[in-house]
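Remarks on the structure that follows.
Each reported figure results from applying straightforward, stated rules to the coordinates on display, with no laboratory input. Keep in mind the model is a prediction, meaning the values are calculated, not measured. Here the Cβ positions follow ideal geometry from the backbone for every residue, glycine too, while neighbour counts run over all protein chains shown.
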Amino acid sequence: MLKELFGGKAPEQVLLYLANYDEGYGKAIADTYGIALSTVQKQLQKFENSGLLVSRSVGKTRIYTWNPRSPFVEQIKMLLAQRLKLTPEAEIKAYYRQRRRPRRADKPLVNPQRLNPR
């Protein structure tokens with residue numbers, strides 16, 4: 001939908017990922033969409049150079065997030081939010097509802113009540 005506006009599918013995917021999760025790093029974005037890491041890194045660098053994103057290093061990983069000083073961030077985030085509202089449910093489940101933190105060690109994998117319905 002927005003690929004024409006942003007100049008391709010990869011820039012749209014990078015921005016949609018960040019709109020959904022607020023921050024991300026190249027490998028996670030590339031793995032989510034099944035695209036080349038170099039493509040994602042080029043897009044992230046392009047958006048950082050334009051002032052739309054900022055990054056910080058956490059260990060060996062460069063984390064990207066929205067630049068709070070950019071005058072265009074809120075408008076772009078609103079546009080991306082509208083795009084996410086129009087996204088089919090299957091695509092939402094595939095790309096935008098991933099587990100963002102590890103499962104608690106003592107949490108069971110299956111709810112026992114669901115195994116024995118009454």
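What to note about this one:
- Proximal lysines relative to K77, as straight alpha-carbon distance under 28 Å, when same-chain residues fewer than 8 apart are discounted: K3, K9, K27, K42, K46, K60, K85, K93
- D (Stokes-Einstein, µm²/s), Kirkwood Cα radius, region 8-97, 0.692 mPa s at 37 °C: 247 µm²/s
- Ranked by the mean number of other Cβ atoms within 10 Å of their residues, highest first, the peptides 75-86, 25-36 come out as 25-36, 75-86.
- Total formal charge among the other residues, if their Cβ is under 15 angstrom from that of G26, Lys/Arg +1 and Asp/Glu -1: +3
- Of the peptides 37-46, 65-74, the order by per-residue mean of other Cβ atoms within 10 Å, starting with the highest, comes out as 37-46, 65-74.
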